[in-house]
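Scroll down for the structure; my scribbles are underneath it.
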Amino acid sequence: MSIAIVQARHIFGLKSKVSGNICYHDEQTIVYPAGSNCILYNIDQKSQKFIPGTDKSEGMTALAVSPNRRYMAIAEKADKPTVTIYDLHSLRKKKVLSSNDIQSGEYISLAFSPDSKYLVTQGGKPDWTLLYWTWEKSKVMALVKASNPQYPNSEVYQVSFNPQDNTQLCAVGNTVFRYFRYSEGNLKPFNFQKIDPQNYLCHAWLSEDRIIVGTDNGHLMLFEAGEIKQEYNLVPSGDKQTVDNQLETFIHVTAIVAHSKGFACSFGMGTVYLYEKTDDRELYKKTREICIPPDPWNGQDPNLSLQQIFNCLVISPSEETLVASTEQGQLYYLTLSSADISRGDQANFEILSQTFHTAPITGLDVCIRKPLIATCSTDHAVMIWNYETCNLELYKVFAEEAYSVALHPSGLYILVGFSDKLRLMNLLIDDIRTFKEFTVRSCRECAFSNGGHLFASVMGNVIQLYSTTTFDNVNNLKGHNGKVRAVVWSADDSKLISCGMDGAVYEWDTFTGKRLSESVWKTCSYSSVTVTPDGKSTFAVGSDRTIKEIADSQILREVPAGEMILSAVAMSHSGRMLFAGTVKGTVWSMKYPLAVPGDWTEHQGHGASIVKMKITYDDQYLVTIGDDASIILWKIQDKEGRGLKRDKEIGYAEEILITKSDLEEKNSTVADLNSRVEELKMENEYQLRLKDMTYNEKMKELTEKFIQEMESLKTKNQVLKTDKDREEAKHDEDMADLMETHTDELQDLESASNQKLMLEYEKFQEQQTKTLKIQEDYEKQLTEMEEGKEKALERLTAYYETKLHDMRTKLEQSSDEAQQQTREYEETKKQIEEDGDREILDIKHHFERKLREEKEANLRLKGETGIMRKKFTTLQKEIDDHKEEIKKLQAETSKLNNVIRSLEKDIKSLKKEIQERDDTIQDKEKRIYDLKKKNQELEKFKFVLDYKIKELKKQIEPREMDIKNMKEQIQEMESELERFHKQNSQLELNITELRQKLKATDKEFHQERQKVRDVEATVRRFKTDLHNCVGYIQDPKMLKESIKALYQKHVQEDITESASVDADIQKEFSRQKEHLERSVANLRKKLEKDSEIHKADNVRIMQENVSLIKEINDLRRELKLCRVLIHDMESAMGLDSRSRKTGAIVRLPPKPLGPLVEKEIEEQKKIIEMQQLELKRLRDEIYDLELTIGRPTGHLPSMLA
């Protein structure tokens, strides 16, 4: 007995309804929530680390990472909300913050201070309390209500710190835009705005005193020191009608993020604008527009992905990438460096990891032969995942919702249940295509057998079994009174186990369709079932908060799950591990075998109810899906480390399906591209040669020009040097003259300035005497003013002293009056007290009588209360019992309501079916009426025909005798046929021998023909070489070398012939030698003159060669077409391609260029003509071969060898 080890390996999904749901930990790692976990995703390695949520929380509501990238704060919803601080390096919990000062059950926004020492948390409704924490001490420093006091319905969406100041905060929301400063233990508002309040959705700090705010009407407001500096209208300008239409759609600014160059903001559906700083008055200018790309896998509406709203934007620490999350739970990114390169154009986001499901997932299945998982969701998408590489292999969006999904064990086919039909589809390399449809409506459950030869589909309360080879309906399993919720095949496919909402678990024989065993528990609505590998016992979970072990139609064990409802159950293929999923989204690893009371370990996983769970065939992974649109891949292991041993040599299947047409298209495109590459190589090589020649000529021209310019510049430089010497001499003379004049002017100016100074000094002395006189006058005036003030003070004191004397007399009079009033008050008080004492005595006597009566009544009531207490205790027990029953009934009613809703849907669909069937029944009744009439007529005919049959039987008897005789003759004919067959087989053997002889003779014939062709080819080569030698008849040295080369090439070494040279030949040779020596001297002179002329001719020849190469390429294309035609003719004639033998490839040797003379140019023209004639001759040979033999003899001779 042991509990299996469970660890989360990978989570596919994103929780969108979390404030700040993307944060950067470092340049390669982002943090985002999924299910009830927080994921640290490494973008480069594509690996995940997990921070699980706390046990009693109701889900995450906000995230924040500190500016030093070391700590992370996670806010979780509960009756008393908490904020947990984690260390991102060790992934350990540092602090848990909770406060009694908040009335709300959640925090909607978090923010760390710039030095990461303080944390601010914004509470939700109804009080919208803002708390300022020193999180390391878990202490609240200050709190304030952040909502707008003038507007009772105001809401707060986001709060943040000033990036340069720990004490300054900003909060925005609906009619809320407030600055707060922390001082003396309080958060005090400041910088009150004078504008009309709006619905502010988001904000970001651009600097210490600048903040940018986005509104719900498509406006960006730039505030500086609390005053609006600039306002940007993101709604495109145009007619009022177009603007109104856009307002009706969506024009909110939902997210803003700042960086060093400016900021990025999301506007409307699927668009982000980049703004950068400018030196103009506008301060910031829009530079880029980034959109979500259309979805190529969505065949129905690729632009549906554009209709997403961004929730959060974040920029990496190095400001190289922008990551965005949407309300549909998708992650996108953009490299800002590429955005800067293509500035001004519209850019597109890229998917960060994979495309996730955007709605609750309804179907799940795992493949046996491939590491594949199939899921379907209410977002109309079917996705195929690889659990080895943790990648999305394939997905497709359909026009309607997919209810269920099942993978064939081979991984090549998939079953998908829709509202109208059940479709069997091929899993192609890049598509999911339907090839068979079954009339199974609203199929909520389907499953392939382990062998793949059968599959089960559920329609309401009926299970239908189909064959995957013939597609016939093999069996219909009827017995459930409610909807069937789960179907499981046994390991050997001999049994099928089903459970339903009617509280029944049935075991069926798949061959006979009979029910083998049954277990009905009507108070429980089952949701999932699993079976052990030996098929002896099944485990089922449902609404009664228990897990049941059923065997032989009896419940062996019933393990209670406390207050938790279990929604799914799965058993490993080894039969040693059992897992259960809960409505809360947690996974339970059960202690197996089961014992009462049960023992399990709980693991945090999904953020909503687990819908289904499956274990892979090798027992390595557990896959769970939930209503939170996430898929979690768990690594599982037995405590003892045991599991199914998979053969490593076999591994997983790598085969994929591809249609023949797609494969042929790809092969043809590859072939075309290869041929195109070869042609381009040839053309490029030739063009490079031409360019080299032209560039060499240009280089020569440029060097000559450069030398000429250098010489001209040298001469200019010498001229400039002489001019410089002259100018220097002139400059020295001018400077000497200027110095003399300057000294004279200086002396004159000094004398003039001295005279001015003397005059100014005299004026200064006069001014000093005047100031002394003025000071004496002012002192006299001050003394006079002081004397006047003293006299005025004396007058005022005398006046106020008389007033004080009058006031004192009045006070004495008022005090006497007060004393008289107090005396009167005391007398009245005495009289009132005496009256009161009398009344009190009367009341006392009266109430004493009443007290006696009450005591007597109290004694009677005590006896009655004792009796009533006993009744009360009994009634309290009954009330508690009734409350428990009410709770159970409420749970049952909620389930029944769900059942009623599903049944109402079924009723609607069934009503439609009933209407259709009524119409068909009416048509059939009409047909039955017509058929009854026909039947009456046919009965009449039957009576007549019976009489005729009797007469015919009498005539048949003699004919039966003839048939017997004919059968005997047929047997004799069959024996003769056997003899003929034996003779035919002997003749066929003789024919095969003759054909083999024919093939041998045909081979000899082809060999002889090949020899003839080789001889002809050598003769042609010898002729061309001789022709080249004749070209050197004027140059004896070249002639000699060419003849030697010709000898070495064509004469074999082993053949030695003694050739005697004739004397006449020697004389002729010497005479020609003398003649040639004379002509060489003349030709050398001509060479120098003609070399310049022949440069232009060479270029022209090269151009002609280009045209010839083009002709050759055209001929090659024609040859390819001819080969195709020959192949078609051979296939039509029935010839075997193996018996065909291709001819030799005749390659002409290259023509070496001779000396650059006129004769050589004429010879080259002749060679070109010969080549053209050779091409024509080869075409004629190909045409003759097509007519005579019907197969190609060889390739065209290469002109570029």
Exactly one of 534, 599, 619 is without any contact (Cβ under 8 Å) to a residue 60 or more places away in the chain and more than 31 Å from the chain's Cα centre (by Cα), and that one is 534
Residues of region 28-40 being within 19 Å of the chain's Cα centre (by Cα) and part of a loop (DSSP other than H, G, I, E, B), in sequence order, are 28, 35
If we ask which residues in region 530-561 are open to solvent by 50 Å² or more (accessible area, probe 1.4 Å) and assigned to a loop (DSSP other than H, G, I, E, B), their number turns out to be 6
Picked from region 3-27 (must be assigned to a strand (DSSP E or B) and open to solvent by 30 Å² or more (accessible area, probe 1.4 Å)), the residue farthest from residue 70 (Cα to Cα) is 5
Within region 369-391, residues open to solvent by 40 Å² or more (accessible area, probe 1.4 Å) and either touching a strand residue (DSSP E or B) at 6+ places or on another chain (Cβ under 6 Å) or outside any strand (DSSP E or B) (or both) come out as 369, 378, 380, 388, 389
Flag if residue 1056 is modelled with pLDDT under 80 and hydroxyl-bearing (Ser, Thr, Tyr)
yes
Checked against (1) closer than 27 Å to residue 313 by Cα; (2) open to solvent by 20 Å² or more (accessible area, probe 1.4 Å); (3) touching a strand residue (DSSP E or B) at 6+ places or on another chain (Cβ under 6 Å), residue 189 satisfies every condition except (1)
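Matching residues to (1) open to solvent by 100 Å² or more (accessible area, probe 1.4 Å); (2) at pLDDT 80 or above:
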| position | (1), (2) |
| --- | --- |
| 937 | yes, yes |
| 940 | yes, yes |
| 944 | no, yes |
| 951 | no, no |
| 961 | yes, no |
| 967 | yes, yes |
| 977 | no, yes |
| 980 | yes, yes |
Note on region 492-529: residues part of a loop (DSSP other than H, G, I, E, B) and in contact with a Cys (Cβ under 8 Å, 6 or more places away or on another chain) are 503
Across (1) within 23 Å of residue 451 (Cα to Cα); (2) open to solvent by 30 Å² or more (accessible area, probe 1.4 Å); (3) in contact with a His (Cβ under 9 Å, 6 or more places away or on another chain), residue 498 clears everything bar (2)
Note on residue 1014: of the conditions (1) surrounded by 10 or more Cβ atoms within 10 Å (Cβ to Cβ); (2) modelled with pLDDT under 85, unmet is (2)
| said: Please verify whether residue 11 is among the β-branched types (Val, Ile, Thr), under 16 Å from the mean Cα position of the chain (by Cα) and within 30 Å of residue 79 (Cβ to Cβ), treating the condition exactly as stated. | reply: yes
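So that you can scan it fast, the table gives a plain yes or no per residue for (1) assigned to a helix (DSSP H, G or I); (2) modelled with pLDDT under 80; (3) open to solvent by less than 100 Å² (accessible area, probe 1.4 Å):
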site: 1038; (1), (2), (3): yes, no, yes
site: 1041; (1), (2), (3): yes, no, no
site: 1049; (1), (2), (3): yes, no, no
site: 1067; (1), (2), (3): yes, yes, no
site: 1082; (1), (2), (3): yes, no, yes
site: 1095; (1), (2), (3): yes, yes, no
site: 1100; (1), (2), (3): yes, yes, yes
site: 1104; (1), (2), (3): yes, yes, yes
site: 1114; (1), (2), (3): yes, no, yes
Of the residues in region 199-221, those that are more than 16 Å from residue 233 (Cα to Cα) and open to solvent by 50 Å² or more (accessible area, probe 1.4 Å) come to 208, 209, 210
Within region 562-596, residues outside any strand (DSSP E or B) and closer than 22 Å to residue 888 by Cβ come out as 562, 563, 564, 565, 583, 584, 596
Check your understanding: Among the residues of region 573-585, is any out of contact with any strand residue (DSSP E or B) (no Cβ under 7 Å at 6 or more places or on another chain), over 26 Å from residue 637 (Cα atoms) and without any contact (Cβ under 8 Å) to a residue 60 or more places away in the chain?
Key -> no
Condition check: open to solvent by 20 Å² or more (accessible area, probe 1.4 Å), under 30 Å from residue 436 (Cα atoms), basic (Lys, Arg) and more than 43 Å from the chain's Cα centre (by Cα). Does residue 483 satisfy that? no
Scanning region 274-297 for residues that are assigned to a strand (DSSP E or B) and either acidic (Asp, Glu) or buried (at least 20 other Cβ atoms within 10 Å of the Cβ) (or both) gives 274, 275, 276, 284, 288, 289, 290
Checked region 70-92 for anything of a type outside the set (A, V, I, L, M), touching an Asp or Glu at 6+ places or on another chain (Cβ under 8 Å) and either buried (at least 22 other Cβ atoms within 10 Å of the Cβ) or under 18 Å from residue 33 (Cβ atoms) (or both); matches are 71, 76, 77, 81, 82, 84
Flagged pairs (Cβ under 8 angstrom, 6 or more apart or on separate chains; first in region 680-691, surrounded by 11 or more Cβ atoms within 10 Å (Cβ to Cβ); second modelled with pLDDT under 90) are 682/1109; 682/1113; 682/1200; 686/1106; 686/1109; 690/1102
Of 701, 685, 697, 711, the only residue that is under 30 Å from residue 1103 (Cβ atoms), more than 59 Å from the chain's Cα centre (by Cα) and assigned to a helix (DSSP H, G or I) is 701
Those residues of region 607-635 which are assigned to a loop (DSSP other than H, G, I, E, B), of a type in the set (Gly, Ala, Ser) and open to solvent by less than 30 Å² (accessible area, probe 1.4 Å) amount to 608, 609, 629, 630
Note to self: With the structure loaded, tell me whether residue 905 is open to solvent by 80 Å² or more (accessible area, probe 1.4 Å) and either in the same structural domain as residue 462 (by the TED database) or farther than 30 Å from residue 440 by Cα (or both) or whether it fails that test.
What the structure shows: no
The condition from (1) modelled with pLDDT under 90; (2) surrounded by 15 or more Cβ atoms within 10 Å (Cβ to Cβ); (3) not assigned by the TED database to the domain that holds residue 73 that residue 196 misses is numbered (2)
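The values are calculated or read from the model by the stated rules, or taken from the named source; none is laboratory data. As the structure is a prediction and not an experimental result, all values here were calculated from the model. Because the Cβ atoms are built from the backbone with ideal geometry, glycine has one as well, and the counts that use them run over all protein chains shown. When the accessible area is computed, the model is the full protein with side chains, heavy atoms only, and any ligands, DNA or RNA have been set aside. Shrake-Rupley method; radii C 1.70, N 1.55, O 1.52, S 1.80 Å.
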